[in-house]
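Working notes for the structure below.
FYI, it's all coordinate maths here, none of it is from the lab. If you're wondering where the values come from, they're calculated on a predicted model, not measured in any experiment. Note that we place each Cβ from the backbone using ideal geometry, even for glycine, and neighbour counts take in every protein chain shown.
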Amino acid sequence: MSTETLPAPAGSMPAAKKSIANSAFARMAKYTAVRVLTMAVTVTIGVYLTILIANMGGYVDTIMRNEIRDGTTQAILANPNFRNLTPEAKQELIQKKIAAEEARLGLDQPFAIRSMRYLVNGLTLNLGRALHMTSDHGSKEVRLILLERLPATLLMTGTSSLILFFGSIVIALSLSRNYGNWIDKVVIALSPTSSVPPWFYGIFFILIFAAILKVLPFGGLVDSPPPTNSFDYGLSVLKHLILPVVSVIISSVFLSIYNWRTFFLIFSSEDYVEVAKAKGLPPRDVERRYILRPTLPTIITNFALLVITLWTGFTITETVFVWPGLGITLFRAIGAYDTPVIVGSTIIYAYLLAITVFLLDIFYALVDPRVKIGSGSS
């Protein structure tokens, strides 16, 4: 006796789809939370190690105590109001002032406790006052000095990274279609030039386009004096942005194209690509679905490592172009031995690197179906 398959009750399929969507959202939320927690632990450990190294295990605190002692002693001895005090009274007053200042700064506590307070302050960017440097508005607050410089670094990094990423993918796909032509050979020949840092190219670009041709500025963020209206100000920033961005791109583009073009060639020789072509799929669809998407995880990893390298190498690049970002700020802080600014810059870079790695994990989850999200995720 045959049995008929009963139709699914009305509304059951939408409910099932809704349940699947909710489950996927929950897994994605759990995956994101785990990655955020992992990055938070990593950044915390990195910041604490930075504080220990920068403080030299308490040696910098000893220097601060000596500076407090010398400054307080000189201030009291030079104050005419205390001139008639006896030497014993002056010495007692000096000791009280020193003790009060050390208590205000927490220097009267053990270093282990002080280091934990420094850690909390560092993670919240409550970095105190700089020793020598100031912001453009005259403030010595380390937080203001660094946050004032951060947008310039993000502008140069973001612009060069976006152009490098999408430009390299487009050119690499084109070369994989025309494997062995003269452009392909030129890219292969120029790929070793990516071992040269951006600032090296920057020196030559400044010499050629600023000193000889005089078509682009030597450096800086904007003309001096800056334009008064927003449109001209934006054009001035773009003009000053050209040489730094081109230097960063030239220092990495040929190796990126060569690597990614090789990935595309490897995947284009797979059997499923040949089957897709035999079925008559348009070449663009074959590239997008069967060549580009499987290579995206590898490309993203390669590009993330490149961006991390750029973050750490912008100190000299920004200095060459007098670009008012975090890099040149760190360079000047090292020269002035401004410890609060050095520690603060390191913490900002730690946050930027953690965000880069976190975004890499999220992109993995979106583009690579092999990444398991939720329970048992790697």
>> Restricting to DSSP H runs of at least four residues, report the calculated mean residue ellipticity at 222 nm for the chain, -39500 (n - 2.57) per run over all residues, nearest 500 deg cm²/dmol.
In response: -24000 deg cm²/dmol
> Lysine pairs in the chain 8 or more apart or on different chains: how many have alpha carbons under 24 angstrom apart?
Replying inline: 7
>> Tell me the Rg and the Dmax, in Å, that the Cα atoms of region 169-243 produce.
In response: 17.6, 52
> Semi-axes of the equivalent ellipsoid of region 102-204: what are they in whole Å, largest first, if each equals the square root of 5 times a C-alpha gyration tensor eigenvalue?
Replying inline: 49, 16, 13
> Quick one: Asp108, Asp338, fewest Cβ neighbours within 10 Å first, how do they rank?
Replying inline: Asp108, Asp338
> Looking at region 273-348, which chymotrypsin sites (Phe, Trp or Tyr not before Pro) are DSSP coil and have at most 12 other C-beta atoms within 10 Å of their C-beta?
Replying inline: Tyr337
> In what order do Trp182, Trp260 fall by count of nearby beta-carbon atoms within 10 Å, going from fewest to most?
Replying inline: Trp182, Trp260
> Amide H neighbours of Val322 under 5 Å, counting only residues 5+ apart in sequence or on other chains, H built in-plane at 1.01 Å?
Replying inline: Gly220
> Compactness ratio of the chain: Cα Rg over 2.2 N^0.38 Å, N = residue count?
Replying inline: 1.38
> Any idea what the dipole of the chain comes to, in debye rounded to 20, about its Cα centre with Lys/Arg Cβ at +1 and Asp/Glu Cβ at -1?
Replying inline: 580
> Quick one: putting +1 on the C-beta of Lys and Arg, -1 on the C-beta of Asp and Glu, what dipole do you get for region 142-367 around its Cα centre, in Debye to the nearest 20?
Replying inline: 320
> Counting only residues 5 or more places away or on other chains, whose amide H sits under 5 Å from the amide H of Gln109 once H atoms are built in the peptide plane?
Replying inline: none
> Taking only the alpha-carbon atoms of region 142-367, what semi-axes of the equivalent ellipsoid follow from 5 times the gyration tensor eigenvalues under a square root, in whole Å, largest first?
Replying inline: 37, 21, 16
> Given the options Val320, Val245, Val222, which has the most mean-square fluctuation in a GNM of the chain, springs set between C-alpha atoms less than 10 angstrom apart?
Replying inline: Val222
>> Based only on other Cβ atoms within 10 Å, what is the fewest-to-most ordering of Thr153, Thr124, Thr346?
In response: Thr124, Thr346, Thr153
> Counting pairs of alpha carbon atoms under 8 Å apart in space and at least six apart in sequence, what relative contact order in percent does region 142-367 give?
Replying inline: 29
> In µm²/s, what is D for region 15-123 at 20 °C and 1.002 mPa s, where D = kT/(6 pi eta Rh) by Stokes-Einstein and Rh is the Kirkwood radius from Cα pairs?
Replying inline: 118
